[in-house]
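A short write-up of the structure that comes next.
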Amino acid sequence: MELKRVVVTGLGALTPLGSTVPEYWNGLINGVSGAAPITRFDASKFKTQFACEVKGYDPENYFDRKEARKMDLFSQFAVVAADQAVADANLVEGTYDPDRVGVIWGSGIGGLRTFQEECVNFANGDGTPRFNPFFIPKMIADISAGHISIKHGFRGPNFVTVSACASATNAIIDSFNYIRLGMADAIVTGGSEAAVTEAGIGGFNALKALSERNDSPETASRPFDKDRDGFVLGEGAGALILEEYEHAKARGAKIYAEVIGGGMSADAYHITAPHPEGLGALNVMKNVLRDANIKPEEVDYINVHGTSTPLGDISEVKAIQTVFGDHAYNLNISSTKSMTGHLLGAAGAIEAIASIMAVRHNIVPPTINHFTDDDSFDARLNFTFNKAQEREVKVAMSNTFGFGGHNTSVIFRQYND
Amino acid sequence: MSEIAEKVKAIIIDKLGVEESEVTPEASFTNDLGADSLDTVELIMEFEKEFNVSIPDDQAENIATVGQAVSYLEEHAK
């Protein structure tokens with residue numbers, strides 16, 4: 001059977017750099033850091049006291065109080081970003097069959113704050129269970145897709161993918177597959193995360209995964225720099241409307257880019273450490289290129305996973321050099337996590353948006369905070385350090401990898417009428 | 001209005017996000033104040049916490065209006 005073409009027709013973003021897609025993109029191309037001291041809780045006793053929070057977020061700007069109280073922050077972020085994307089795509093009732101519009105969302109953790117609060121309340125009591133009836137439906141990761149569908153009446157395929165930091169990319173790939181197989185006309189996809197809580201920061205600190213550069217939060221996320229010391233936790237959401245090409249054309253939708261491939265692989269190596277030779281990363285890039293049916297030489301830009309951890313950055317770059325050979329030197333590589341921090345299960349969504357905007361505007365957002373070269377990396381590679389670069393970006397690849405050894409990659413191609 | 005009635009009203013306004021004027025003794029949680037089944041469970045739990053009582057499920061089923069909540073609590077609150 002012939003696979004259908006899939007295009008991106010709407011975007012939404014609620015990020016540490018801004019609460020709309022234009023604000024987010026503007027922050028990216030100007031090299032703005034979203035990191036700052038933590039405001040969501042008192043972090044004074046924590047090893048890491050900063051994060052990339054969504055700035056100035058007030059639920060009452062988006063929800064009535066009763067509605068907001070029943071939704072964990074990660075679900076609120078999901079609904080806000082999805083609303084933006086639906087509006088941006090001009091998906092108005094009557095122009096689509098609601099039974100054929102789905103929601104496939106990604107979240108690595110779900111309602112961590114809700115889980116933490118309910119357990120703390122129980123622990124502080126006398127052993128009598130007084131769990132709130134909204135505890136479970138607030139906490140479970142899949143409720144985000146449920147909320148989006150309830151709000152908009154989208155009755156097609158509906159679920160959430162959970163693969164740690166690869167979650168949103170898995171959601172995008174699933175959406176791409178369902179649409180190209182003809183099982184849906186459009187899918188709201190993306191991901192959201194809100195793990196800047198005591199349990200989130202404390203848990204990642206215990207893993208030694210976070211930067212502890214408390215004296216300079218805005219320079220802490222420094223992928224590929226010699227002195228990188230871990231990732232910076234971020235929060236927020238990204239949403240994309242993926243749509244079958246003929247369906248999009250028929251309703252006169254604007255088209256941002258075409259999705260041409262999705263790839264998945266596993267390291268099968270360690271729960272948190274990447275494979276030292278980047279085997280899973282290598283395989284996922286081979287898989288996505290094969291799925292997209294393009295040569296490595298056709299890729300112009302890779303938005304890398306590049307979290308700013310000592311080991312992860314090295315294994316991903318090794319894999320890129322193996323897959324791309326000499327073409328690796330022609331590529332622009334950048335880690336936008338240097339600016340946004342690491343949004344865990346939402347990372348793949350906001351990085352897909354960065355890749356799509358790069359393709360649309362022919363600008364590569366930078367890897368900021370480069371101070372000192374690391375000899376581990378080939379100096380001939382172009383990491384787009386510190387300043388955005390203008391170049392033609394016909395094809396962009398977005399990689400995300402998650403704890404558990406989950407690797408995902410998607411490819412977007414410039415769309416011309 | 002009794003102190004209990006005042007507190008009940010405040011809890012309902014807070015949890016259901018309704019206007020004070022809507023919280024009349026006859027108002028039904030589900031039919032008039034927009035509560036779903038989970039909201040109703042949460043309200044009962046809040047009453048238990050605020051008034052330090054335990055409301056058995058078979059009695060909770062009979063508390064469907066503001067007035068029924070107030071009279072139950074006036075009778076059972078410690």
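Using amide H atoms built 1.01 Å from N in the peptide plane, name the residues 5+ places from residue B:33, or on other chains, whose amide H lies under 5 Å from its own.
Close amide H contacts, sequence-distant or interchain: B:28.
So for A:249, B:15, fewest C-beta neighbours within 10 Å to most, what's the order?
A:249, B:15
Quick one: which residues, 5+ away or cross-chain, put their amide H under 5 Å from the amide H of residue A:369? H built at 1.01 Å from N.
Distant-sequence amide H within range of residue A:369: A:386.
Could you work out how far apart the two model spin labels at residue A:93 and residue A:327 are, taking each label as a point 7 Å from the Cα in the direction of the beta carbon, and quote it in nm?
Going by the 7 Å Cα→Cβ label model, 4.8 nm.
What ranking of A:300, A:313, A:64 emerges when the number of other C-beta atoms within 10 Å of each C-beta is taken as an exposure proxy, fewest first?
Sorted ascending by nearby Cβ count, the order is A:64, A:300, A:313.
Pairs A:47/A:318; A:4/A:286; A:151/B:15; A:286/A:337; A:138/A:286; A:45/A:387: which are spaced more than 28 Å apart, C-alpha to C-alpha?
Table pairs above 28 Å Cα-Cα are A:47/A:318; A:138/A:286; A:45/A:387.
Go through the stretch A:68-142 and name the chymotrypsin sites (Phe, Trp or Tyr not before Pro) that are in a DSSP coil and have 15 or fewer other Cβ atoms within 10 Å of their Cβ.
A:131
Provide A:148, A:29, B:13 in ascending order of the number of other Cβ atoms located within 10 Å of each residue's Cβ, fewest first.
By the 10 Å Cβ count, ascending, the order reads B:13, A:29, A:148.
Averaged across the residues of A:127-134, what count of C-beta atoms belonging to other chains lies within 10 Å of each residue's C-beta?
Whole-number average of other-chain Cβ neighbours for A:127-134 is 3.
Determine the percent antiparallel among the DSSP beta bridges restricted to the protein assembly as shown, to the nearest 5.
If I count the DSSP bridges inside the protein assembly as shown, around 65 percent turn out antiparallel.
Lysines near residue B:9 by alpha-carbon distance under 19 Å, same-chain residues fewer than 8 away left out - which ones?
Hits, sequence-local ones excluded: A:66, B:49, B:78.
So how far, in whole Å, is the C-alpha centre of the stretch A:197-220 from the one of the stretch A:345-391?
First find each Cα centre; the distance between them is then 23 Å.
Considering every residue in B:32-40, what mean count of other chain Cβ atoms within 10 Å of its Cβ is obtained?
2
Rounded to the nearest 0.05, what FRET efficiency is calculated for residue A:379 and residue A:67 with R0 set to 35 Å and r the Cβ-Cβ distance?
Efficiency for this residue pair is about 0.10.
Roughly how many whole Å is it from the C-alpha centroid of the stretch A:171-194 to that of the stretch A:271-303?
Centre-to-centre distance over Cα atoms comes out at 21 Å.
Over chain A, what is the mean sequence separation of C-alpha contacts under 8 Å (at least six apart), divided by residue count, expressed as relative contact order in percent?
Answer for chain A is 24 percent.
Does anything in the stretch A:124-157 have its amide N under 18 Å from the 7 Å Cα→Cβ label point of residue B:78, and if so which residues?
A:125-130
Counting DSSP beta bridges in the stretch A:265-414, what percent are antiparallel, to the nearest 5?
Beta bridges within the stretch A:265-414, antiparallel portion: roughly 65 percent.
Tell me the label-point distance for the pair residue A:266, residue B:48, using the 7 Å Cα-to-Cβ offset, in nm and rounded to one decimal.
Rounded to a tenth, the inter-label distance reads 4.2 nm.
Identify, among A:49, A:35, A:128, the residue whose Cα sits farthest towards the positive end of the charge dipole of the stretch A:6-251, taking +1 on the Cβ of Lys and Arg and -1 on the Cβ of Asp and Glu, with the dipole about the Cα centre.
About the Cα centre, the residue reaching furthest to the positive side is A:128.
First select every other residue whose beta carbon is under 10 angstrom from the beta carbon of residue A:16; then total the charges, Lys and Arg +1, Asp and Glu -1.
Once positives and negatives cancel, what remains is -1.
FYI, it's all coordinate maths here, none of it is from the lab. Remember, predicted model here, so these are calculated numbers, not experimental data. When we count neighbours, we look across all protein chains shown, and the Cβ atoms used for this are built from the backbone with ideal geometry, even at glycine.
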